[in-house]
Structures are given as structure tokens and as C-alpha cells.
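Chemist: Pasting a structure below so you can have a look.
Values in this text are rule-based calculations from the coordinates and carry no lab data. The structure displayed is predicted, hence computed values, not measured ones. Backbone-built Cβ (ideal geometry, glycine too); neighbour counts: all protein chains shown.
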Amino acid sequence: MKILVAVKQVAALEEDFEIRADGKDVDEDFMLYDLNEWDDYSLEEAMKIKESSDTEVEVVVVSVGPDRVDESLRKCLAKGADRAIRVWDDSAEGSDAVVIGRILAETIKKEAPDMVFAGVQSSDQAYASTGISVASYLNWPHAAVVADLQYKPGDNKAVVRRELEGGLLQEVEINCPAVLTIQLGINKPRYASLRGIKQAATKPIEEVSLSDLSLSADDVGAAKSMSRVRRMYVPEKGRATMIEGTLAEQAAKIIQIINEFKGA
Amino acid sequence: MSASSMKYGKKLQSSLSEMKMQDSADALVKLAIKAGDPYVAAAVHELATGASKRQLEAQMMETRRTALSLARWEHTPASVLAALSGIGDDAVDLRLDKNPNTAAGVLSNLYVDASNKRNLDLTKLIAQHRNSEAAVLKTIALYAEDADSLLALSKNPSANAEVLACLSTRLAEDELSVAVNKNIAQNISAPADLLERIYRQSDLHTQVAIIGHVNCPDALITEAMASEDLLVMRTLARDRRVNADVLRRYAGSEDAGVRCGVAGNETTPLSLIGVLAGDSSELVRREIASRQDLLPEHIAALATDADAWVRQRLARNAIAPLDVLKVLAADASTDVRRAVARNTQCPLELLELLAADGTAWVRAAVAYQHHSPAELLLALAEDEDVDVLSGVANNPNTPQQILEKLVASNEADVRRGVILNKAATRNTLLPLLEDPYYLHRILMVANPSMHELDKWNLREDPDYQVRFSVYRWAVKNIAPINARYIVGNEVIRRRRV
């Protein structure tokens, strides 16, 4: 039995940052890279299934990205993933979430897992479409924003609870194999043990090229994407103002603002 | 000797040869250079000189990303920040101006640079930095023209009396003076004479801030006592310098805020306490319930107060007698029962009762209570609630064999409790040197129960913050380590025996 977890190395921003010269992204010097938070929960969910199963379960993590992504994949290995695969070609630079979904789908076809997990969204781009795009390319059932999962290896169905607006949960039975996008809070992700980190440092990361997936440079990148970033910018500041004065004045001003909002 | 300590004993021996390398600052710097880690380089930078220093700086500044990270990081040592200031990168300078560790001399140079470039954002950051030199702040006070820098300066507690006086005088005729004087009125460094001068020319709010200032002259306090303004009375009601007659007048005020001030004032006469204990406002009664000079009749009345917070404050009060604590230990409110368990004078019989409370939050208070005996903690160690177990882990009365079990807990809070427990022995703590949570390993480096070599063995930890903390510890202890090493052979030999 095999669970494939699609993960992404995301960029967080410092308080002060600069936009790249082409105006389409933040200057890389100001980005702090880490494993996408949602993917931490996806991996943990896979690990829970692996550790509670009587049968052997292999957890494989896959990411599309350049060399630096190895650091995030090693983090997954340190937490217990059995294998890690990184797919990359420089021509994939600028690919949108749908193209990334296609690359992942081709990888999944080769790996033939029984389940695929992905995060609901990435914290840096927030398209929330990679996992769904994978399901579409595979023509597999999918469930988004999964907040609870009941599934045993070998089952041909899983029961998921999906998080909806207004605090509602929707319980859904889904055929397997399926693609599930996992929501934050579904579990409590573990920290990697020191032993796990040391072992992960020596584990190989399988590097897969586009040609290994029967794809070419013409299938990926910005040109093949259905959406393209035109520019990135900081919008003009809003109406926020600092409340000055003595503490008593500041308190009085806050009370005045609250009363105005309440219509008092 | 336990299996874990034997395992670490072997590590101690194997690290002995490397420990020898630490017997001088030069050797430590050489090790850091060999490590090739920018954060290790930053940790030992202050020890290095000449070519070694340049090598470390090359490691720290190899990429702009690393330089930016170090310039921003709150743990970066001052010497590293000084080195980074020489790069001449505006983005790095911005982070240096914000970093609380940036030294005065560096800030002075950055101020000159910011002035030459007329960079007002950087000037403002220097104006509000706690480490800025008085001379720089005075220059800003005398010559800066932008309101943001001047306002930032007026709030800076590092601005001394002279700087604040210069600022206030310079802006006396400026429309900015009102806002600046309000800030000075709240600035802890403002001297009495300046406060008095501002008081005479300010609005009521500023005057109230000055009355509440620790440096407010007695003459102004005396003058303000005649005021009937609510803000003035609320402020003065808490002031120890206000006399009993004025407090009596305030105790009769229709404003609960004024009466609250009297209820919380240590100098309030006993005759007023009884009156305020029956005050119509629960806010006033809450203040009263925390007082250390309550009479038995006051306590009796407060113990049956309708407001749970009043009972909670009384339950925490160390002067509450046993019979009252017994009643409060059976209170319907969880917070009241918890407060009894947290009371420093809580007797054993009540701790035993509360240890069996149905609410984990109450049992946790017993677990954290330093008067809880080992027997009680043994029972609480069987609890399944993480807050209770964290309390047991923190408690210095917990037997070592229980702490040894708790270090294997899946809950990070529980394991951290053991690390923070001052009674935890080295043998108990040893497994936590491999705790999965990096912050715990940093705490282990700072733990006085651990041996030098226990800490030193974390120098190649996967987390850069742990590696940094190990080398920082080595830098700060380089002399003691050297001295201990000479004795250290004997210590280790004794351990082997």
C-alpha cells in the first residue's frame, strides 16, 4: 500500500522586503523558505495511517522545484516518509498550479499510489488548486478541505469530513484511490527526531526529469500555463492611524471609536 | 549508572580530545571556521582577530540572504552587527537600525549615513532605539525636522533629561509641542523640573500623565489634590503620597474608578477598608480582596461575595485563614478553587482535596504548587491531562523517578516542564539532549545541571539555533571551561570509576 504526499517548499516574507526588478515577485534574498504548513498536516495524516496499519504502508513525498527544495523533502524524510522525489527542469520555472498539477499527476501515474494527499493550499501563493488539478489530470475522485479522515489501507472507500463555511462539517464517502486536500488542524504534526534528521541526511532524494515523465519543456513553464503573473506590488496603505496622546486620551479615543461603530 | 548515562559517558570520553581544543579563544575560533556555518561564525565572532575574523565575516556575509538574516536576528551579537554595518547595503542597515542588539557606536555611524542620505525612516529608527548615544539623540533633538523622528525621540526612555529638555525647549513655539510634551510626560527619563515646566503649559490630559509620573514633584501632587476632576482623582487615588484626608474624600466619590484607586492604595487607612469591602462596585471589592491588611470581618464578607472574581482574589490572598480557604475550596467557580490551590499558604489537607477535583485546571494548580508533597505529586503523575502533568514535571518536589518517566512524554509541554525543573538531575535530563523540539535543546544548553561536555556535544545539532547557542555558551564560558578542564580529567575519571 502506498500513500503519495505532494508537498511544496513555500516562501515566507520578512517584515521588510523588496520587489524583484521585473516587478513580478519578491526579491529572493528576502524570502525565507520552509515546508508548506498544510503539507506538514498532510504528511502527518499519511504517517498516522502508516503507523496504525497492520500491513506495510509506504509514504512517498513528491515536490516540484529546484535544488533548494531538497531541504524540505529531507524534513519529510526525517519525520518518517520512506522516499522522497523531486521533479525539476529549469523550463518549469513560471509554471502555474495547473501545470504543476500535471507534472505531479504524471509522477503519480508512475508511482501508482493508493491515496494522494496534498495541502488545501500553499501559504505563499494560495491558489488552492494544485491538489484539485492533480485529481483532474488523473480523473480520480477528490475531496477538498478535509478536516477528518477515516481510512484503512486496502479499503476501497474512505469517509472524510470536509470543513465548510459557518462551522459546518460535511461528511462524505469517497471512492479510492482519491486525492484529498488536507486542512490545518486535522492532526498534530510531529517534530522530527534527531535520529530521524540524521538518517534523512543520508537518504537519497530521487531526482526525476521531465523526460522521465514523458513530458517536455513545451508542456511546462509560463508559456504553457493558463495564468501568468503580470505584476506584484504593495497596495497603498489603508486608513489605519496611530492613536497618539496620553494613555487616558488613547483609552478615551478607543471608547469613542467603539461607540461610533456601535452607533452610540 | 543508568544505560542512558553510560551512553553519554562514552560520548564524554570521545569528545575529550575536541574539548582540549576549546582551551583558548583561538582554538574555539578555529573550530568555528572549520564548521563553515554562518551562525557558528556569528557566535564566536567577538573572540576573533585579524585573518580569523575576516574568515568568519566572509562566512557570515557569503550571501546577501545570510547577511540580511543575521542583521535582522534578535540573537545576533553586537560585534557581528557592527561588522555587517560595513557592508553598505541599505536593506542591511534598515535591519541594524531595528535590531535591539545594535551597539551605540554602530547606530551613531548609521545616523551619520542616514543624515547624509536624508533617509528620514532610518533617522526615526535611530531616534527610538534604546542603544542610541545621548549625543546622537541630542543632535536629533536639536536639528531633526521631521515630526516622526521628533515624536519617536520624545518616547525613547534612553533620551536623558538634557535631550528631553532640548527637545521640549526647541519645539516650545511649534504646533508639534503638544504631542511631544504628552510623550515626555509619560517618558520615564523625564526629570522633575521639566515635568513641572510642561505641567504649567499643558492641557488636562498631559497634567494627569505628569501627576502619574514617578518623578512628579511633590508640590504638583499637593496642588492637584484640590482638584475635583475625575482623571486627576483616579490617578492620585493610587498614589502613596496622597494623605489620608484626601483618600477619605476620594473613598466617597461617586466614580468607581476613583474608589478603585483608594482600594488599591497601600496607604489607605484601615477605617476605609471596611467601607470599601462593602462597596456597590465589584471592581472596588476585587481590589480590596487582594489587600494584605484585611480584618477577619472583611474577609468573611468577601468570602461570600456574589462576584466570583472577588472570591478568586481572596482565594489567592496569602492572609486568607484556613476556614475561609476551606469554604472557597468548595466554591462552584473553577477559578476560585484553582486560586485556593495556587495560594502560597494553602494547607496540605486542601491540596489533597483539590488534587481530586473534577476539573483538570484545578488539579494542575495543585501540581504546580511548590508546597505539594511528593506523595501528592506521585498521584497526580497518573493524571492524563497535559496541564496537570506539566505541573508535576515543573514541581521541584516531584521524585526523580517520576521525572524520568515524564521526559518520555509525547507532550512537549511536559518535557519542557522537566527541563525547567530546578531539581531535575543530570541523569534525569540526559535523554532530553535528543529532544525533537529544538527549543528544548537550546534550554538544555542553558541548563546548569548539565555538564560542559553534554552541552558541547550539541555543537553539530541539525538546528542552527542550537549550534549557535552552544558556541555562544562556549564563548561566555571559555575561561571557566579552561579551568574546569584541568580538573575535568579527574572528574571524568571519577565518573568512570
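Chemist: Go through A:Lys152/B:Lys405; A:Lys152/A:Lys198; A:Lys8/A:Lys152; A:Lys50/A:Lys75; A:Lys8/A:Lys224 and tell me which ones have a Cα-Cα distance over 22 Å in this structure.
Modeler: Pairs exceeding the cut-off: A:Lys152/B:Lys405; A:Lys152/A:Lys198; A:Lys8/A:Lys152.
Chemist: Hey, another quick one. Rounded to whole Å and sorted largest first, what semi-axes of the equivalent ellipsoid does the C-alpha gyration tensor of the protein assembly as shown yield via the square root of 5 times each eigenvalue?
Modeler: Working from the Cα gyration tensor, I get semi-axes of 51, 38, 33 Å.
Chemist: List the aspartates and glutamates whose Cα lies under 16 Å from the Cα of B:Lys326, skipping any in the same chain that are fewer than 8 positions away.
Modeler: B:Asp305, B:Asp335, B:Glu349, B:Glu352, B:Asp357
Chemist: For region B:383-390, just list the computed ³J(HN,Hα) in residue order, Karplus coefficients 6.51, -1.76 and 1.60, θ = phi - 60°, integers in Hz, with x standing in for Gly and Pro.
Modeler: Karplus values, whole Hz, x for Gly and Pro: 5, 9, 7, 5, 5, 5, 5, 5.
Chemist: Let me ask something additional. At 37 °C and 0.692 mPa s, grab the translational diffusion coefficient of region A:1-57 from Stokes-Einstein with a Kirkwood Rh over Cα pairs, rounded to a whole number in µm² per second.
Modeler: It comes out at roughly 237 µm²/s.
Chemist: Can you return the aspartates and glutamates within cross-link range of B:Lys138? Criterion is Cα-Cα under 14 Å, with same-chain partners fewer than 8 residues away left out.
Modeler: B:Lys138 reaches B:Glu162.
Chemist: For peptide A:239-245, compute the average count of partner chain beta-carbon atoms within 10 Å of each residue's beta-carbon.
Modeler: Partner-chain Cβ atoms within 10 Å, mean over residues of A:239-245: 2.
Chemist: Residue by residue through region B:135-149, what is 3J(HN,Hα) from phi via Karplus (6.51 cos²θ - 1.76 cosθ + 1.60, θ = phi - 60°)? Round to whole Hz and write x for glycine and proline.
Modeler: Each residue of region B:135-149 in turn: 5, 5, 5, 5, 4, 5, 4, 8, 10, 4, 10, 8, 4, 4, 5 Hz.
Chemist: Compute the relative contact order of region B:272-392 as a whole-number percentage, counting only Cα pairs closer than 8 Å that sit 6 or more residues apart in sequence.
Modeler: With pairs under 8 Å counted, the relative contact order is 16 percent.
Chemist: I need the per residue convex hull volume for region B:75-164, using only the alpha carbons, in cubic angstrom as a whole number.
Modeler: Value for region B:75-164: 80 Å³ per residue.
Chemist: Further question on the same structure: From the C-alpha coordinates alone, can you work out the Kirkwood hydrodynamic radius of region B:297-364, in Å?
Modeler: By the Kirkwood definition, the hydrodynamic radius is 11.4 Å.
Chemist: If amide H atoms are built 1.01 Å from N in the plane of the peptide, which residues on other chains or at least 5 residues away come under 5 Å of the amide H of A:Glu58?
Modeler: Residues meeting the criterion, in which the H sits 1.01 Å from N, are A:Lys2, A:Ile3.
Chemist: Further, regarding this structure: Past the 23 Å Cα-Cα mark, which pairs from A:Lys262/B:Lys155; A:Lys237/B:Lys182; A:Lys157/A:Lys203; B:Lys34/B:Lys455; A:Lys110/A:Lys203; A:Lys2/A:Lys109?
Modeler: Those over the limit are A:Lys262/B:Lys155; A:Lys237/B:Lys182; A:Lys157/A:Lys203.
Chemist: Once Lys and Arg get +1 and Asp and Glu get -1 on their Cβ, which of B:Leu96, A:Gln125, B:Ser372 lies farthest toward the positive end of the dipole of the protein assembly as shown?
Modeler: B:Ser372
Chemist: Something else: How many partner chain Cβ atoms sit within 10 Å of a residue's Cβ in peptide B:431-438, on average, as a whole number?
Modeler: 3
Chemist: How large is the charge dipole for the protein assembly as shown, taken about the Cα centre, if only the Cβ atoms of Lys, Arg (+1) and Asp, Glu (-1) carry charge, to the nearest 20 debye?
Modeler: With only Lys, Arg, Asp and Glu charged at Cβ, the dipole is about 2160 debye.
Chemist: Going by a ≥ b ≥ c, the root eigenvalues of the Cα gyration tensor, does chain B fall in the rounded group (a/c under 1.5), the prolate group (a/b larger than b/c) or the oblate group?
Modeler: oblate
Chemist: Separate question: Before rounding to the nearest 500, sum -39500 (n - 2.57) across all DSSP H runs of length at least 4 in chain A and divide by the residue total; then give [θ] at 222 nm in deg cm²/dmol.
Modeler: Calculated from helices alone, the mean residue ellipticity at 222 nm is -9000 deg cm²/dmol.
Chemist: Stick to the Cα atoms of region A:146-259, pair each with every other, and give me the Kirkwood hydrodynamic radius in Å at one decimal.
Modeler: Result for region A:146-259 stands at 21.7 Å.
Chemist: Still on this model: Report the FRET efficiency, 1/(1 + (r/R0)^6), for B:Asn477 and A:Glu173, where r is their Cβ-Cβ distance and R0 is 45 Å, rounded to 0.05.
Modeler: Using R0 = 45 Å, I get an efficiency of 0.15.
Chemist: Can you tally the net charge around B:Tyr143? Count Lys and Arg as +1, Asp and Glu as -1, for every other residue whose Cβ sits under 13 Å from the Cβ of B:Tyr143.
Modeler: Local net charge: +1.
Chemist: Charges on Cβ only, +1 for Lys and Arg, -1 for Asp and Glu, centred on the Cα centroid of chain A; of A:Val159, A:Thr181, A:Cys76, which one is farthest towards the dipole's positive end?
Modeler: Looking along the dipole axis, the top candidate is A:Val159.
Chemist: Next question, about the same structure. Can you find, among B:Pro157, B:Thr268, B:Gln186, the residue farthest towards the positive end of the dipole of chain B? Put +1 on the C-beta of Lys and Arg, -1 on that of Asp and Glu.
Modeler: B:Pro157
Chemist: Additional query: Would chain A count as rounded, prolate or oblate if I go by the C-alpha gyration tensor, calling it rounded below 1.5 in a/c and otherwise prolate when a/b exceeds b/c, oblate otherwise?
Modeler: prolate
Chemist: To the nearest 20 debye, what is the magnitude of the charge dipole of chain B about its Cα centre, counting +1 on the Cβ of each Lys and Arg and -1 on the Cβ of each Asp and Glu?
Modeler: 2060 debye
Chemist: Can you grab the distance from the C-alpha centre of region B:339-360 to the C-alpha centre of region B:39-97, Å, no decimals?
Modeler: Using only Cα atoms, the two centres lie 52 Å from each other.
Chemist: While we're looking at this one, here's another question. List the residues, sorted by chain then number, that are 5 or more residues from A:Val145 or on another chain and whose placed amide H is less than 5 Å from its amide H.
Modeler: A:Thr181
Chemist: Now for a separate question. Rounded to whole Hz and in sequence order, give me ³J(HN,Hα) for region B:38-44 from the Karplus expression 6.51 cos²θ - 1.76 cosθ + 1.60, θ = phi - 60°, writing x for Gly and Pro.
Modeler: In residue order, the calculated couplings are x, 6, 5, 4, 5, 5, 9 Hz.
Chemist: Here's something else I'd like to know. To the nearest whole number, what is the average tally of beta carbon atoms from other chains within 10 Å of the beta carbons of peptide A:40-50?
Modeler: 0
Chemist: Continuing with this model, one more query. Give, as a single signed number, the net charge of other residues whose beta carbon lies under 13 Å from the beta carbon of B:Asp229, with Lys and Arg counted +1 and Asp and Glu -1.
Modeler: Net local charge, B:Asp229 excluded: -3.
Chemist: On to the next question. Beta carbons within 10 angstrom, averaged per residue: use that to sort the peptides A:194-205, A:142-153, highest first.
Modeler: Per-residue mean Cβ counts within 10 Å order the peptides as A:142-153, A:194-205.
Chemist: Relative to the Cα centre, what is the charge dipole magnitude of region B:258-313, using +1 at the beta carbon of each Lys and Arg, -1 at the beta carbon of each Asp and Glu, and rounding to the nearest 20 debye?
Modeler: 80 debye
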